[in-house]
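See structure below.
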Amino acid sequence: MTSESKVRVRFAPSPTGHLHVGNARTALFNWLFARKAGGTMILRIEDTDLERSQTKYEDLLIADLKWLGLDWDEGPDVGGPYVPYRQSDRLDVYREYAEKLLNERKGYLCFCTEEELQKERERAHAEHRQPIYSGKCWNLDPEESKRRRAAGEHAAIRLRIPERPIRFHDIVHGEVEFSNEVVSDPIILRSSGIPVYNYVVVVDDALMKITHVIRGDDHLSNTPKQVALYEALGWPVPEFAHLSTILGSDRERLSKRHGATSIANFREMGVLPEALTNYLALLGWAPSGGTREIFTPAELTKEFTLERVTPSPAVFDMEKLYWLNRHYIKEAPAAKLIPLARSFFLNAGLLSDSLNISANDWFDKVIQLLVPSVDRLDQLPERAAFIFNYDAQAALTASDNAEVLALPQTNAVLSAFTTKILGDESAQAGKLAPERFKQIVNEVKAETGVKGKELFHPIRIIVTGSHSGPEFDKLVPILEEGSHLALPKHVLSVFERAQAFAKAHA
Ligand code: GLU
């Protein structure tokens, strides 16, 4: 784990909602960086926003990260040398260092009320200025301030931002400089005693010996305040790597408006974790010298470097994710895919938990038949419609079938095929073998003189309701076998289909 490398990184989510792709990418890049370096990955829960944080989100975050295949060496669930890893359990630590800053005059007590500060912000806004704190309490006598606080006046603690530019190095953005003119003296501890993100993050990162802070670039403008805090507390400043914003296809910041954005959404759509991690890795990172796009987690770990992370925004391309997912679906062993696929049929009411062994085996064959045709597992029930929801009337009126049905020779094929099926004993018994099916098709061909797709398309319409679909050799046994099983939804045999079609067509 930590033996050779000193690299220590952390993923520090706030448990205020579901894990979204932006944060998941942050977690993944931290993980890849740590694993490549043989360093330590830490999970820290940032729940100082007491109103918005909920334990249920912490549990969901952890479950989503694990589903993605990520793990960590230290964290609230696994412990570690710097416990506790949940900020609400560390309030005493934050208070201690805030008082230290106050005593060393690197911080000061601020008695401004929320209303006063709000007015200041509004004035700045009206005058098109940055909302910088006026510094009203900056110059108060520290001893006098402490007396006022002891007498019960509400006071926050602010940090004094030094009167010089603040510089830091960012692996993605290079040298970054902020003028102190644009950085307010930040509140570090509210008058309620609750510390503020910019402060706790520094205390924790320093005490937990974090070497590289890898996070979203929405935190870039927070970094000068954090750097000032490291300096005030006399702690070494870590390396930073701010990852670019993720945009939707319209180049607006990715949000719910663009559809699925949470990891749970993608899981529910039947996106495999391998596909999602592979895709997330390509959001703002590319391997050196190549256009390769398919990577296992082990390959990613080998290739990954922060130097190849781009500062420009990354556009989330759903189609590419689905393309990768199709690849991983095809690669997945049946033993892994079948249970996943089953859950979608269960939800669609096409499968039940109480099927006997032969019905279960049959269902697995259906899944294997359909899986190559989907790029998300949630498409499976709809792809199975021709098995469970055969509708002869709909087949005759479907616009997709209109062209085939309008061909002059189609009627001859339809009636020759239905007549033969209806007269065949094995078909009547629901026991039509694929060989016999082929024989019948050949007889129809000989009788009508129609061949090729003009022969096959009408027959497909009778059997499946659509002119395209899986091969008959695989399909016929599935329909025949299915028609004998007790399933939540009866499967029509080839005979029953021909019968229904003949009736609708009459
Ligand atoms: N809790 C912060 C967030 O979720 C973490 C930011 C950081 O990594 O410093 O945005």
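The values are calculated or read from the model by the stated rules, or taken from the named source; none is laboratory data. These numbers were taken from a predicted model, which means no experiment stands behind them. Cβ atoms come from the backbone with ideal geometry, glycine included; neighbour counts cover every protein chain shown.
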Among (1) touching an Asp or Glu at 6+ places or on another chain (Cβ under 9 Å); (2) surrounded by fewer than 18 Cβ atoms within 10 Å (Cβ to Cβ); (3) touching a residue at least 60 places away in the same chain (Cβ under 8 Å), there is one condition residue 232 misses while meeting the rest; what is its number? (2)
Need the failing condition index for residue 57 against (1) in a helix (DSSP H, G or I); (2) in contact with a Phe, Trp or Tyr (Cβ under 8 Å, 6 or more places away or on another chain), just the number. (2)
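I need the full set of residues from the range 287-298 which are part of a loop (DSSP other than H, G, I, E, B) and touching a Gly at 6+ places or on another chain (Cβ under 8 Å), in order please. Full working, then the answer.
Start the filter on the range 287-298 by keeping residues that are part of a loop (DSSP other than H, G, I, E, B), which leaves 287-296.
Once the filter is applied, which keeps residues that are part of a loop (DSSP other than H, G, I, E, B) and touching a Gly at 6+ places or on another chain (Cβ under 8 Å), the range 287-298 yields nothing.
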Among helices (runs of 4 or more DSSP H) entirely inside the range 214-286, those with 1 or more residues being within 16 Å of the ligand (Cβ to nearest atom) are 223-233, 263-268
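Only one of 214, 294, 263 is of a type in the set (A, V, I, L, M), touching a helix residue (DSSP H, G or I) at 6+ places or on another chain (Cβ under 8 Å) and surrounded by fewer than 17 Cβ atoms within 10 Å (Cβ to Cβ). Can you tell me which? Walk me through it before giving the result.
Working: 214 fails: surrounded by fewer than 17 Cβ atoms within 10 Å (Cβ to Cβ); 263 fails: surrounded by fewer than 17 Cβ atoms within 10 Å (Cβ to Cβ).
After ruling out the rest, the residue left standing is 294.
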Does residue 133 fit the bill of being more than 30 Å from residue 30 (Cβ to Cβ) and among the aromatic types (Phe, Trp, Tyr)? yes
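Going through the range 1-16 one residue at a time, which ones are of a type outside the set (Ser, Thr, Tyr), assigned to a loop (DSSP other than H, G, I, E, B), within 11 Å of the ligand (Cβ to nearest atom) and in contact with a Ser or Thr (Cβ under 8 Å, 6 or more places away or on another chain)?
The first filter runs over the range 1-16 and keeps only residues of a type outside the set (Ser, Thr, Tyr), leaving 1, 4, 6-13, 15.
Narrowing further to those that are assigned to a loop (DSSP other than H, G, I, E, B): 1, 4, 6-7, 12-13, 15.
Pick out the ones that are also within 11 Å of the ligand (Cβ to nearest atom) and you get 12-13, 15.
The answer is 15, and nothing else.
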Is one or more of the residues making up the range 173-184 at pLDDT below 95, crowded, with 20+ Cβ neighbours inside 10 Å and either under 30 Å from residue 312 (Cα atoms) or of a type in the set (Asp, Glu) (or both)? yes
Odd one out for residue 179 among (1) touching a helix residue (DSSP H, G or I) at 6+ places or on another chain (Cβ under 8 Å); (2) more than 16 Å from the ligand (Cβ to nearest atom); (3) on the phi < 0 side of the Ramachandran plot; (4) of a type in the set (Gly, Ala, Ser): (1)
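On the given criteria, is residue 456 closer than 17 Å to residue 401 by Cβ, among the aromatic types (Phe, Trp, Tyr) and part of a helix (DSSP H, G or I)? Can you show your working first?
On the way: closer than 17 Å to residue 401 by Cβ: yes; among the aromatic types (Phe, Trp, Tyr): yes; part of a helix (DSSP H, G or I): yes.
Spelling it out, residue 456 is indeed closer than 17 Å to residue 401 by Cβ, among the aromatic types (Phe, Trp, Tyr) and part of a helix (DSSP H, G or I).
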Please pick out the residue among 385, 334 that is in contact with an Asp or Glu (Cβ under 8 Å, 6 or more places away or on another chain) and among the small types (Gly, Ala, Ser). 334
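For the condition farther than 25 Å from residue 265 by Cβ, free of Cβ contacts under 8 Å to residues at least 60 places away in the same chain and either of a type in the set (D, E, K, R) or surrounded by fewer than 15 Cβ atoms within 10 Å (Cβ to Cβ) (or both), what is the one hit in 47, 92, 59, 71?
On the way: 47 fails: farther than 25 Å from residue 265 by Cβ; 59 fails: farther than 25 Å from residue 265 by Cβ; 71 fails: farther than 25 Å from residue 265 by Cβ.
Answer to the selection: 92.
Name the residue, out of 395, 359, 427, that is touching an Asp or Glu at 6+ places or on another chain (Cβ under 9 Å), of a type in the set (Gly, Ala, Ser) and not in a loop (DSSP other than H, G, I, E, B).
Working: 395 fails: touching an Asp or Glu at 6+ places or on another chain (Cβ under 9 Å); 359 fails: touching an Asp or Glu at 6+ places or on another chain (Cβ under 9 Å).
Matching residue, one of 395, 359, 427: 427.
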Scan the range 156-172 for residues that are surrounded by fewer than 18 Cβ atoms within 10 Å (Cβ to Cβ) and within 26 Å of residue 194 (Cα to Cα) and report the count. 2
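Looking at residue 192, is it modelled with pLDDT under 95, within 16 Å of the ligand (Cβ to nearest atom) and more than 28 Å from residue 307 (Cβ to Cβ)?
On the way: modelled with pLDDT under 95: yes; within 16 Å of the ligand (Cβ to nearest atom): no; more than 28 Å from residue 307 (Cβ to Cβ): yes.
The answer is no for residue 192.
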Qualifying residues in the range 116-172 (those that are in a helix (DSSP H, G or I) and touching a Lys or Arg at 6+ places or on another chain (Cβ under 9 Å)) - the one nearest to residue 94 (Cα to Cα): 142
Test residue 36 against the stated conditions and say whether it is closer than 19 Å to residue 263 by Cα, more than 14 Å from the ligand (Cβ to nearest atom) and in a helix (DSSP H, G or I). no
The lone condition residue 372 fails out of (1) of a type outside the set (A, V, I, L, M, F, W, C); (2) at pLDDT below 95; (3) buried (at least 19 other Cβ atoms within 10 Å of the Cβ) is (3)
Residues to consider are 72, 67; find the one that is more than 24 Å from residue 197 (Cα to Cα) and either of a type in the set (A, V, I, L, M, F, W, C) or within 10 Å of the ligand (Cβ to nearest atom) (or both). 67
Only unsatisfied item for residue 451, checking (1) at negative phi; (2) touching a residue at least 60 places away in the same chain (Cβ under 8 Å), is (2)
Restricting attention to the range 284-324, which residues are under 17 Å from the mean Cα position of the chain (by Cα) and among the small types (Gly, Ala, Ser)? 284, 314
